[in-house]
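The values are calculated or read from the model by the stated rules, or taken from the named source; none is laboratory data. What you see is a predicted model, and the numbers here were worked out from it, not measured in a lab. Here the Cβ positions follow ideal geometry from the backbone for every residue, glycine too, while neighbour counts run over all protein chains shown.
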Amino acid sequence: MDLFRIRIARRARKAPHGLSRSLACLLLLSAVGWVAGEARAQQWRLTKEKDGIRIETRRILGARFEELRISTSLKAPPEAIADYLFGKYLDEKNRNIRRSFVQRGRDVTVWSDVLSTPVTSERCYSMRFERHAPGNGEIRVKFVSLDYVGKKPTPDCIALRSRGEWVMTPTGSGTRLTYVSLTDFGGKVPAMLAERSLSSAAVSSLRKVVAGSSGLALPKGFDD
């Protein structure tokens with residue numbers, strides 16, 4: 001999930017035993033919420049298709065914002081894309097993000113972010129990436145936000161909530177890459193404004209993953 005073109009300072013450490021148990025409990029609660037959300041979802045509707053990128057949205061009962069699904073095709077294999085997501089995708093710096101790793105590994109990574117922008121209050125959140133291989137060569141990287149792990153920079157830092165997945169389905173010519181995300185930016189940001197920003201950032205993230213996992217130069221703007 002690089003919903004806001006998240007980049008990091010390169011720091012990794014293992015989580016203490018007690019912290020790992022807490023993270024497991026948080027993940028279980030998030031999974032329950034995911035299943036409930038899926039049960040209340042409407043049908044996907046196509047909102048835009050351009051330059052090989054398909055954008056769809058759908059309403060989730062009780063959610064402030066629409067769920068987003070973006071997909072495209074590329075020549076890189078699923079394994080290369082998943083490795084990029086757990087590696088360089090998280091290692092690109094962003095001047096608006098302060099990040100620290102809680103746990104980092106090939107199949108599970110947890111980190112904490114503080115997002116600062118000129119026009120909104122700081123957002124504090126932790127995220128978990130988890131790799132799954134259900135079979136037939138497909139790889140899924142699921143992500144979910146957690147309560148902030150660590151000391152918040154300010155007591156009133158607003159929580160950002162997000163869950164979704166990257167799905168890498170092998171094809172005859174490479175991979176069909178699909179990004180699904182339901183994100184609540186928190187605070188009092190108008191839904192229409194937030195949804196436009198989230199959609200734009202998600203497309204940028206998809207383009208970044210396509211370029212990075214294919215060994216190409218990152219699209220203009222990713223060196224901010």
Give me the pairs: first residue in the stretch 174-199 and more than 20 Å from Ser121 (Cα to Cα), second residue part of a loop (DSSP other than H, G, I, E, B) and not hydrophobic (A, V, I, L, M, F, W, C), beta-carbon distance under 6 Å, and six or more apart or on different chains, which are they?
Gly174/Lys75
Tabulated pairs, the stretch 72-90, first among the polar types (S, T, N, Q), second in a helix (DSSP H, G or I), C-beta under 8 angstrom, 6+ apart or interchain
Thr72/Leu206; Thr72/Val210
Just for the stretch 97-108: of the residues that are buried (at least 17 other Cβ atoms within 10 Å of the Cβ) and out of contact with any Lys or Arg (no Cβ under 7 Å at 6 or more places or on another chain), which one is modelled with the lowest pLDDT?
Arg99
Based on this model, can you work out whether Thr183 counts as within 19 Å of Phe86 (Cβ to Cβ), modelled with pLDDT of 85 or more and of a type in the set (Ser, Thr, Tyr)?
no
If the requirement is being farther than 27 Å from Ile53 by Cβ and without any contact (Cβ under 8 Å) to a residue 40 or more places away in the chain, which of these qualifies: Pro118, Pro134?
Pro118
For Val149, all conditions in the list (1) touching a Leu at 6+ places or on another chain (Cβ under 8 Å); (2) farther than 20 Å from Val102 by Cα; (3) in contact (Cβ under 8 Å) with a residue 40 or more places away in the chain hold save one; what is the number of the exception?
(2)
Leu177 is checked against (1) in contact with a helix residue (DSSP H, G or I) (Cβ under 6 Å, 6 or more places away or on another chain); (2) within 15 Å of Val209 (Cβ to Cβ); (3) among the aliphatic types (A, V, I, L, M) and fails just one. What number does that condition carry?
(1)
Using the structure shown, decide if Ser181 is closer than 18 Å to Thr117 by Cα and hydroxyl-bearing (Ser, Thr, Tyr).
no
In the stretch 119-137, which residues are more than 20 Å from Thr183 (Cβ to Cβ) and not basic (Lys, Arg)?
His132, Ala133, Pro134, Gly135, Asn136, Gly137
Sort out which residues of the stretch 66-79 are surrounded by 18 or more Cβ atoms within 10 Å (Cβ to Cβ) and outside any strand (DSSP E or B), and write them in order of number.
Glu66, Ala76, Pro78
